[in-house]
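Inspection log for the structure reproduced underneath, given as structure tokens.
The values are calculated or read from the model by the stated rules, or taken from the named source; none is laboratory data. In this text the structure is predicted, and so the values were computed from the model without any measurement. Note that each Cβ is placed from the backbone with ideal geometry, even for glycine, and that neighbours are counted across all protein chains shown. Accessible surface is based on the protein model in full, side chains and every heavy atom, while ligands, DNA and RNA are left aside. Shrake-Rupley method; radii C 1.70, N 1.55, O 1.52, S 1.80 Å.
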Amino acid sequence: MLFSLPLFLAPALVAAHGAVTSYEIGGKKYEGYQGFSPVAGAQIIQRQWPDYNPIMTVTDPKMTCNGGTSAPIAAEVPAGQNVTAFWSQWTHQQGPVMVWLYSCDGPFTACDGKSKKWFKIDEMGLWGDVLNSNNWGTALVYKDLKWSSRIPATLKPGNYLIRHELLALHQANTPQFYPECAQITVTGSGTATPSGDYLTSIPAYAAQSDAGIMVDIYQGGATSYKPPGPAVWTG
């Protein structure tokens, strides 16, 4: 039976959550940032994050890239190809996976991810109608420690941030956000870009009171779930 853990266990849990620590694109492995044992001068595509403690509010400035602001290199990704993120550990099985892109419209050194240009390219929330279960996107990350998403085939070439976000809902009405970003350069002949309701800002892509964020999977009585934020843009 699943249950909310008492607060006195919280410090132990902080050290046991997880973060994206590497990527694979076109069969090539790219190391990510090792936040608790960083390698000096490492040539990584991931924006360096200070820790993987949970972010508790959707308006926290760390929501953009978990506090990461730069990376020394970028990975080239042909439009239509998959980007696979890997976690070295992950401990929660209730909550959605969401994958986002942000068009830098210029060099990465001037790309802070703070404008209303984020859009989803992938998500998985709940399948079935039982919230108090392991039928969630994050349960697949728990099982496989990876997540693969396709870059839309028609996407306009350029520099982008790719942001993987796990939203843990295992504690009633106490959401925990875990985002990380990496730098990719999309290539190809596409011309498509999302607009309108597909675009949002991060932080604050939804209200803290959103039904996809403030959730009681045990006694809330819900039989369906919709991940927060805009719809997925597929190109």
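Figures for the structure shown
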| item | result |
| --- | --- |
| Checklist (1) open to solvent by 30 Å² or more (accessible area, probe 1.4 Å); (2) touching a residue at least 24 places away in the same chain (Cβ under 8 Å); (3) closer than 18 Å to Gly18 by Cα; (4) over 15 Å from the mean Cα position of the chain (by Cα) applied to Phe108, failing item | (3) |
| Filter result (surrounded by 16 or more Cβ atoms within 10 Å (Cβ to Cβ) and of a type in the set (Ser, Thr, Tyr)) within the range 153-173 | Tyr160 |
| Filtered residues of the range 38-67 (kept if loosely packed, with under 15 Cβ neighbours inside 10 Å and not in a loop (DSSP other than H, G, I, E, B)) | Pro61 |
| Residues located in the range 190-216, provided they are part of a loop (DSSP other than H, G, I, E, B) and free of Cβ contacts under 8 Å to residues at least 60 places away in the same chain | Thr191, Ser195, Ser209, Ala211, Met214, Asp216 |
| The range 91-105: number of residues that are open to solvent by 10 Å² or more (accessible area, probe 1.4 Å) and either of a type in the set (A, V, I, L, M, F, W, C) or on the phi > 0 side of the Ramachandran plot (or both) | 2 |
| Residue, modelled with the highest pLDDT, within the range 19-37, restricted to residues that are part of a loop (DSSP other than H, G, I, E, B) and surrounded by 20 or more Cβ atoms within 10 Å (Cβ to Cβ) | Ala19 |
| Total residues in the range 184-208, condition more than 18 Å from Lys226 (Cα to Cα) and open to solvent by less than 60 Å² (accessible area, probe 1.4 Å) | 12 |
| Residue list for the range 222-235, filter: open to solvent by less than 70 Å² (accessible area, probe 1.4 Å) and either farther than 30 Å from Thr154 by Cβ or not in a loop (DSSP other than H, G, I, E, B) (or both) | Ala222 |
| Answer from Thr154, Thr185, Thr223 - the residue that is β-branched (Val, Ile, Thr) and out of contact with any strand residue (DSSP E or B) (no Cβ under 9 Å at 6 or more places or on another chain) | Thr223 |
